[in-house]
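Below is one structure, written out as structure tokens, with a few remarks after it.
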Amino acid sequence: MSSDAVLASRCTACGAVSYPQHCLCPSCGGERFEPTPVEGEGTVVSYTDLYALAIDFEQRFLRLAMVELDSGVRATGQLLHETPAIGTRVKATIGVVRRQGETKIRGLQFVPV
Amino acid sequence: MRRVMVVGAGMTRFGRSSETLSQLMCLSSMAALRDAHLGEYPVDGVVVANMGAARINRQTAIASALVDRLNLFPATAETVENGPASGSSAFKVGYQAVAAGMADVVLVTGVEKMRAVNNLEGTDFVASMSHPEAEYIYGVTLPSLAGMFARMVMERYGVTRRHLALVAIKNHANALRNPYAHIQQAITLEGILEAPEAIVNNPPIAEPLHLFDCCPVSDGAASLVLAAEDVAEKLGKAGIVVAGIGQATDTHAVHERPEPTRLTAVEVAAERAFTMAGTSRDEVDVVELHDAFTILEIVQSEAAGFFPQGEGHLALERGETAFDGSLPINPSGGLKARGHPVGATGMAQLVELTWQLRGDAGERQVQGARCGFACNFGGFGNNVVTTLLRREDR
């Protein structure tokens, strides 16, 4: 597993995978988890082009998406796809999603399959 | 539990204010206290709703500051921070104190002074309630969550940008009758959607949402005085009873919701309020919903149980939610046009309902209103407080 993977949590008691991290398993209340990467292909659940940008962002707009991966795990991230629609197939990758001064924050970027 | 009455109401005009945060909360509090004519009855407790003073105004413990400014010693004082649901949450805290018998009279004030910082800082302050690792770091803001939500709802139920524009047009028209509203501007379908220059007037913010789908950033304060029923009777102010309060929570990251087009916390909170009040949806005459984004008014009107799921936009289109419709929604102008000083909004909704039920709403009076419902929506729906107020003639 890559050192900068975005990690979901697999409950050691019931096997349910949750993302983001919870302190108690949303399915069974279990307290122990194994990390498992948020990875693979999936489909766009929804997306938006954000023009009123957050602090730290300077492009014309930021394309954000909610994606359901084939594993069943859903995640929010940046969408690097020119012609998205609900249902578009994408693949989860890890890249620089935000620069805070000198600090580069890495996270999920969904790209065309 | 004791029954609790609303005995006083007041608010400042919403908008860009030159008053300080402390002065804003004093002004609305004094208006509500004057309205209550408490006479010999002291204010036993003060609850202040606020989301951002620590960050954007560099001021903390503001309920204590309000007690000091109003010389209400030795009243109890609490500040409630519950995101954009702070207002109704603070109201609930005040209600509980009176209902439980720990206080006879409580002043509840919601306040926010957002224009103290620039737009970028203000947007970031509001975005800080999104999930820090799973949403915020990607550049997620509240408008972007609303944009993704709107796209799903539009695709699933056939809601169009025209429907969204109809919400904005209705609420702007309502606000023209509200002297407390931030925005006093009539808008038309032509101007924000159909004309060639509409894209200039109404640029995209978070597609498919445009500027006129989003509430403004406001300063303002709103206050109510709550009293135990026996005190309200002695004051000659009995009449507006707190009939029901319901609250519910949902997942922090929006993508974790099994059906991301549903506002489950609104559904549960509304059901709890109606159950507590022993009232049905049919009895409601006037509604204040949390239209921080136009799509939210439509979906909340369904989730609160007034229309079937997926049909809120049809009721809107038929004019049922208009000021002169069968179920007027946001006669105040809503967040869209009254404005949205986040911590004050829930209280402003309840001030509006109080005035409507007393028959004091002036030009925007919903004739014969006896039961009012408000939905105060925190986060992107992860903490929702709904309230039912009812008029009782004595």
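What follows draws every value from the coordinates through simple rules; no lab data is involved. For clarity, every value in this text was computed on a predicted model and none was experimentally measured. No Cβ is skipped: glycine too gets one built from the backbone with ideal geometry, and neighbour counts run over all protein chains shown.
Please label the shape of chain A as rounded, prolate or oblate, based on the square roots a ≥ b ≥ c of the eigenvalues of the alpha-carbon gyration tensor (a/c under 1.5 means rounded; beyond that, a/b larger than b/c means prolate, else oblate).
Prolate, since a/c reaches 1.5 and a/b exceeds b/c.
Translational D (Stokes-Einstein, µm²/s) of the protein assembly as shown at 25 °C and 0.890 mPa s when Rh comes from the Kirkwood sum over C-alpha pairs?
The diffusion coefficient I find is 105 µm²/s.
Rounded, prolate or oblate: pick one for the stretch B:20-84, where a ≥ b ≥ c are the square roots of the eigenvalues of its C-alpha gyration tensor, a/c under 1.5 means rounded, and failing that, prolate if a/b is larger than b/c, else oblate.
prolate
When only C-alpha pairs under 8 Å and at least 6 residues apart count, what is the relative contact order of chain A, in percent?
23 percent
Taking the Cβ of each residue in B:LYS170, B:LYS92, B:LYS234 as the centre, tally the other Cβ atoms inside 10 Å and list the residues starting with the fewest.
B:LYS234, B:LYS92, B:LYS170
Mind checking the log10 I(q)/I(0) for the stretch B:289-329 at q = 0.18, 0.27, 0.34 Å⁻¹? Debye, one equal scatterer per Cα, no solvent, two decimals.
-0.40, -0.91, -1.26
What are the extents of the Cα atoms of chain B along their three principal axes, in Å, largest first?
Taking the Cα atoms of chain B, the three principal extents are 62, 44, 39 Å.
Let me check against my output: what whole-number percent is the relative contact order of the stretch B:1-59, with C-alpha pairs under 8 Å and at least 6 apart?
Here the relative contact order equals 38 percent.
What do you get when you divide the Cα radius of gyration of the stretch B:324-394 by 2.2 N^0.38 Å, with N the number of residues?
Against the empirical 2.2 N^0.38 Å value, I get 1.12 for the stretch B:324-394.
Assuming 0.36 nm per residue, please report the length gained on full extension of the stretch A:GLN100 to A:ALA13 beyond their Cα-Cα distance.
So the extension gain works out to 27.5 nm.
Could you please state, rounded to a whole Å, how far the C-alpha centre of the stretch B:330-394 is from the C-alpha centre of the stretch B:210-247?
Going from one Cα centre to the other spans 7 Å.
Quick one: of the DSSP bridges fully inside the protein assembly as shown, what percent are antiparallel, nearest 5?
Close to 80 percent.
Give me the base-10 log of I(q)/I(0) for the stretch B:311-360 at each q in 0.15 Å⁻¹, Debye formula, one uniform scatterer per Cα, rounded to two decimals.
Summing over Cα pairs of the stretch B:311-360 leads to -0.47.
From Cα coordinates alone, what are the radius of gyration and Dmax values for the stretch B:186-267 in angstrom?
Both quantities, over Cα of the stretch B:186-267: 21.5, 61 Å.
How much net charge surrounds B:GLY101 when only the other residues with a Cβ under 13 Å from the Cβ of B:GLY101 are counted, with Lys and Arg +1 and Asp and Glu -1?
So the surrounding residues net to -2.
I need the GluC sites (Glu not before Pro) found in the stretch B:171-249, filtered to DSSP loop residues with at most 14 other beta carbons within 10 Å of theirs.
Those that pass, being in a loop and sparsely packed, are B:GLU197.
For peptide B:141-152, compute the average count of partner chain beta-carbon atoms within 10 Å of each residue's beta-carbon.
Shielding by partners across B:141-152 averages 6.
No other cysteine beta carbon under 4.7 Å away is the test; run it over the protein assembly as shown and list who passes.
Lone cysteines by the Cβ rule: A:CYS23, B:CYS26, B:CYS214, B:CYS215, B:CYS371, B:CYS375.
Local charge sum around B:ARG318 (other residues, Cβ-Cβ under 13 Å, Lys/Arg +1, Asp/Glu -1)?
Neighbour charge sum, excluding B:ARG318 itself: -3.
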